[in-house]
Amino acid sequence: MESPGVRRTPALLATPALIGFAFLLIPLLALLIRAPWRGIGGLLADHQVLTALRLSLECATCATAVSLVLGVPVAWVLARVRFPGMALLRALVTLPLVLPPVVGGVALLLAFGRNGVVGRLLDTWFGVTLPFTTAGVIVAETFVAMPFLIVTVEGALRSSDMGLEEAAATLGASRFTVFRRVTLPLIGPSLLAGSVLCWARALGEFGATITFAGNFPGTTQTMPLAVYNALETDPEAAIALSLVLLAVAVIILAALRDRWLRRGGGTL
Amino acid sequence: MRARVAVVGALAALTAVSVAGCSSSSSPSSATKSSGASKSPSAGASASKSAGVSGTVTVFAASSLEEAFGTIAKKFQAANPGVTVKVNLGASSSLAQQVNSGAPADVFASASPTNMKQVVSSGGASSSTNFVKNVMEVAVPPSNPGHITSVTDLAKSGVKVAVCQPQVPCGVVAATVFKNAKITVKPATLEQDVKSTLTKVELNEADAGMVYVTDVRAAGSKAKGVVIPADINASTEYPIAALSKAPNSAGAKAFVAYVLSPAGQQVLSADGFEKP
C-alpha cells in the first residue's frame, strides 16, 4: 500500500542513524544556543573582525582560482593519461585531504619558507618570501583545498562520455579544442561542485595557514585564526565569529549541494 | 534479508566496540614526552618524599616550562616510585581557560599572575605561589640574517620580527620591553605562544623573536641570544597552584612542594630562570 517513493527505514538502521545525526548536529546546536545574540551586531561591526572576514573571503577565492588553473589539468592527466606509477601519484597529490593541516604547514615551510628547498631560491633570485604574507595564506589554502577540486573533477572526467570527445576529434577538432568545447561543458556541474568544496575548505583552513603564513591582523589573520585568538581572551566573541563562518559555509553548501553535487557524479 | 540484518547488527556491534576501544586508549598508560621515567638513583634525594603519593599527577604548565618541568617530572617520579607525571603544555591563557572549563588537571603553573588570577577568582585554586621569574631576550637565527645586535634593531624596517600575541604573557612582556626601549616594532607575525615564536626563528623564517632567556638557552645551537639591557628589560613571574578540584589532591600538593623545594629550584635556575 506504500507509495513507491516513500521508503520505511529499517529499525536497525534508524537507531544508529539517529545517534549519528544527533552526534553531528548537537555541537552546531550548542553553538547556536550559547551564541551571544545580543552583542553579535556590535561584534561584527568590529574593524578587526571585518578585516579578518574580508581577508578570508579574498584568500579563499584566490586559492580556488589557483586551484582551478592548476587542479583541472592535474585532474585531466589523472583521469586520461596512463603511465606507470599513476596510482601512487594520484595518492600523493590527494594526500592533503587526510594530512593534518599543521603537518602540511610544516612541509610548506620546508619547501617555500625563506630557508626552504625552493623558497631559498625565490628569496635569493627574486627577493620574494612567502611566510608572513597574504600570498603565503593563499599558498597554504591552495595546498590544502586543491585536492578537493582534483578529486571531484577527476571523478567526473572518468564517468563522462568519452564517445563525444572521440566524435569531436574525428570531426577534426584539435585536442585542446575538444577539451575546451566538449570536455569542459560535460563536467561543468562537477567543476562547480569541486570549486565550491575547494572554496569552503580554503575558507575554513587553520593549521597550515597559522604554521606557514603566521598570524597578523590585516595580512595573514583569517577568520579561523581570529576565532582561535578570540578563544584565548573572549570566548563569547569566538562563538560569534564561529557562527559567521558557519553561516557562510552552510549557505553555500546547502544552496549548491542538491542542485549540483548529486548530478554530474564526482566522488565526494 | 536475514543476511542484511546480520550485517547491520555486526556493524552496530563493531561501532560500539570501536568507540569503547577509542575511549579506553586515552587512559594513563599513554605516556607524555616528559614521563619517560628514568630512574636515576641520585635524583631528588629525599626532597618532599611525602608518603601516600601515587597515581597520575596531571600538570598544566606554560610552554616556556617545557624543559624544566620535563626534568622536574622525571626527578619527582624517581623520588616517588609509582607516580606518573603528565605535563600538558600550552599558552597560559589557553590552559587557564581549560582549567576553568573543568579539565581534569592537578597542578597549574602559569607564566603570568594574570592567568593564575583567572583560575583563583573562579574557585579553581585557593592560592598560588610565585616560584620563578623569567626575563626577555631577543632570539636570532645562528646566521643572524637581520644583523641584530640590540633590541632597538627590531624597529628597523625590513626586519621580520616574531612576537607572541598580546593575549599571552610573553606578548605582554615583549610590549613592555618595547615601551621601555621607546621603540615601535611592527611584527611580521603574532604567535600563539613563546615556543611557536622561537620556532619561526629556528626555521630562519623570522630575523628575530621576542622570547625568554630560558627559551634561547633551550634552543641550543638553533638560535642565538641578543641580551636586553637590564634597565629596559621586563620579566614575568610564574605562579604555581595545586588545584581545588584536583583528581589527585595528594599528588598535586607533593608536586607543588617539589617545585618549590631546593631540588626543584636547582633545576629551574639551571635552565635560566631567576628567583622571584
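The values are calculated or read from the model by the stated rules, or taken from the named source; none is laboratory data. If you're wondering where the values come from, they're calculated on a predicted model, not measured in any experiment. Ideal geometry is used to build each Cβ from the backbone, glycine not excepted, and the neighbour counts take in all protein chains shown. Areas reflect the complete protein model, heavy atoms only, side chains present, ligands, DNA and RNA absent. Shrake-Rupley method; radii C 1.70, N 1.55, O 1.52, S 1.80 Å.
Across region B:108-218, counting alpha-carbon atoms alone, Rg and Dmax equal 15.1, 48 Å.
Excluding ligands, DNA and RNA and using a 1.4 Å probe, chains A and B jointly bury around 2100 Å² of accessible surface, summed across both partners.
Judged by the mean number of other Cβ atoms found within 10 Å, the most tightly packed of the peptides B:123-129, A:249-255 leads the ranking B:123-129, A:249-255. Interface burial in region B:204-220 reaches 30 Å² or more for B:N204, B:E205, comparing the full protein assembly with the chain by itself; accessible area from heavy atoms with a 1.4 Å probe. Interface residues of region A:188-216, defined as those losing at least 30 Å² of solvent-accessible heavy-atom surface relative to the isolated chain (probe radius 1.4 Å), are listed as A:I210, A:N215, A:F216. A simple count of charges around B:T197, restricted to other residues whose Cβ falls under 13 Å of its Cβ and scoring Lys, Arg +1 and Asp, Glu -1, yields -4. Sorting A:22-28, B:112-118, B:233-239 by average packing, meaning the other beta carbons within 10 Å per residue, from highest down gives B:233-239, B:112-118, A:22-28.
Using Stokes-Einstein with the Kirkwood hydrodynamic radius over Cα pairs, what translational diffusion coefficient do you get for region A:20-60 at 25 °C and a viscosity of 0.890 mPa s, in µm²/s rounded to a whole number?
D = 200 µm²/s.
Each peptide in A:113-122, A:171-180, A:81-90 was scored by the mean count of other Cβ atoms within 10 Å over its residues; highest first, the order is A:113-122, A:171-180, A:81-90. When Rg and the Kirkwood Rh are both derived from Cα coordinates, the Rg/Rh ratio for chain A amounts to 1.04.
Heavy-atom surface analysis with a 1.4 Å probe gives the protein assembly as shown a carbon and sulfur content of 65 percent of its accessible area.
With K and R counted +1 and D and E -1, the other residues having a Cβ less than 14 Å from that of A:E236 yield a net charge of -1. With protein chains left intact and a 1.4 Å probe, residues in the protein assembly as shown average 49 Å² of accessible area per residue.
Shielding value for A:226-236 is 3, the average number of Cβ atoms from other chains within 10 Å of each residue's Cβ.
I'd like the residues of region A:124-164 whose 1.4 Å-probe accessible area shrinks by no less than 40 Å² going from the isolated chain to the full set of protein chains. The answer is A:F132. Toward the positive end of the charge dipole of the protein assembly as shown, with +1 on the Cβ of Lys and Arg and -1 on the Cβ of Asp and Glu, the farthest Cα among A:L70, A:V182, B:S64 is that of A:V182. The Cα atoms of the protein assembly as shown cover 87, 66, 54 Å along the three principal axes, with the biggest extent listed first. Just counting partner chain Cβ atoms within 10 Å, what average do the residues of peptide B:184-196 show around their Cβ? Mean shielding count: 4.
Using the rule -39500 (n - 2.57) for each DSSP H run of four or more residues, divided by the residues of the protein assembly as shown, the 222 nm mean residue ellipticity is -16500 deg cm²/dmol.
Here the extension length gained between B:N88 and B:T176 equals 28.9 nm, from 0.36 nm per residue of separation less the Cα-Cα distance. Taking chain A as a Gaussian network of alpha-carbon nodes connected by springs under 10 Å, the highest mean-square fluctuation of the residues A:F212, A:F126, A:F21 belongs to A:F21.
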